[in-house]
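The values are calculated or read from the model by the stated rules, or taken from the named source; none is laboratory data. Predicted model, so just to flag it, every value in this text is computed and none were measured. We place every Cβ from the backbone using ideal geometry, glycine too, and count neighbours over all the protein chains shown. We work out accessible area using only protein heavy atoms, side chains counted, and drop any ligands, DNA or RNA first. Shrake-Rupley method; radii C 1.70, N 1.55, O 1.52, S 1.80 Å.
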Amino acid sequence: MARATIHTTKHIKPTFEAQAFLDSPDITKKIVAFPRSAIIFAQGDPCDSVMYIQQGTVRLSVLSHAGKEAIVAMLGPGDFLGEGALAGQRVRMGTATAVAPSTVLIVPKQQMIRLLHEEAGFSDRFIEFMLSRNLRIEEDLVDQLFNSSEKRLARTLLLLARYGKKDKPQGVLPKLSQEMLAEMIGTTRSRVNFFMNKFRKLGFIDYNGGGLKINTSLLSVVLHD
């Protein structure tokens, strides 16, 4: 007697597309285009919405009482910002600035809370982002404490180029000043200038018109002991 063969198909959960979901006409939102150097929100502004970056690069910075500015994050397409609104913050704790021309989708706080409660796929995507952000903060702290300024610069350039991110633009960065890079990694502009020239001579980076092309070979600096 022939034995029946049963074929089973493993169910694969489809990837949730946050952009397509947020583009739905059922979502209350507005889309705003910001030119380079425009302030998206300033430290002390009302904290009444959460934002989703569709295009561009956004710098998050904090200003101390003494007037010293510190860059705390660089965000790109697919990232959220302003999520402090969901934690009860009444005012923005930092300033968001468009480093390159950027398009941002703005969702009111109450709408965002409803989406997180009612839409499991969207909630999972948001939690994934927050966990990744926390992991990045921990890695940045370790990087600052234990790595040389050369390694910190190489790692920062790779992160800004979205190295290793799926379905994200890679390779070319918007124009960034050496002063900004120095502030991000905690060193001087002269040190950044020295290492950038070294990276260029070794073929790790290329100046491409108004942008900066990051080659994956730069990873060797980060991995080198």
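Filter segment 46-66 down to the residues that are open to solvent by 30 Å² or more (accessible area, probe 1.4 Å), not charged (D, E, K, R) and not in a loop (DSSP other than H, G, I, E, B), then identify the one that is modelled with the highest pLDDT. Among those that are open to solvent by 30 Å² or more (accessible area, probe 1.4 Å), not charged (D, E, K, R) and not in a loop (DSSP other than H, G, I, E, B), it is 46. Among residues belonging to segment 53-80 that are of a type in the set (A, V, I, L, M, F, W, C) and touching a residue at least 40 places away in the same chain (Cβ under 8 Å), point out the one that is farthest from residue 113 (Cα to Cα). That would be 70.
Checking each residue in segment 1-40 for being in a strand (DSSP E or B) and either modelled with pLDDT of 90 or more or within 19 Å of residue 71 (Cα to Cα) (or both) picks out 31, 32, 33, 34, 39, 40.
What number goes with the only condition from (1) at pLDDT below 90; (2) open to solvent by 20 Å² or more (accessible area, probe 1.4 Å) that residue 43 does not pass? So the condition that residue 43 fails would be (1). Give just the number: which of (1) open to solvent by 80 Å² or more (accessible area, probe 1.4 Å); (2) in contact (Cβ under 8 Å) with a residue 40 or more places away in the chain does residue 159 not satisfy? With respect to (1) open to solvent by 80 Å² or more (accessible area, probe 1.4 Å); (2) in contact (Cβ under 8 Å) with a residue 40 or more places away in the chain, residue 159 is out only on (1). Of all residue pairs spaced 6 or more apart or on separate chains, those with beta-carbon atoms under 6 Å, a first member in segment 176-201 that is hydroxyl-bearing (Ser, Thr, Tyr) and a second member that is open to solvent by less than 40 Å² (accessible area, probe 1.4 Å) are 187/149; 188/182. For segment 42-98, filtering for residues that are within 24 Å of residue 23 (Cα to Cα) and in contact with a Pro (Cβ under 8 Å, 6 or more places away or on another chain) leaves 10.
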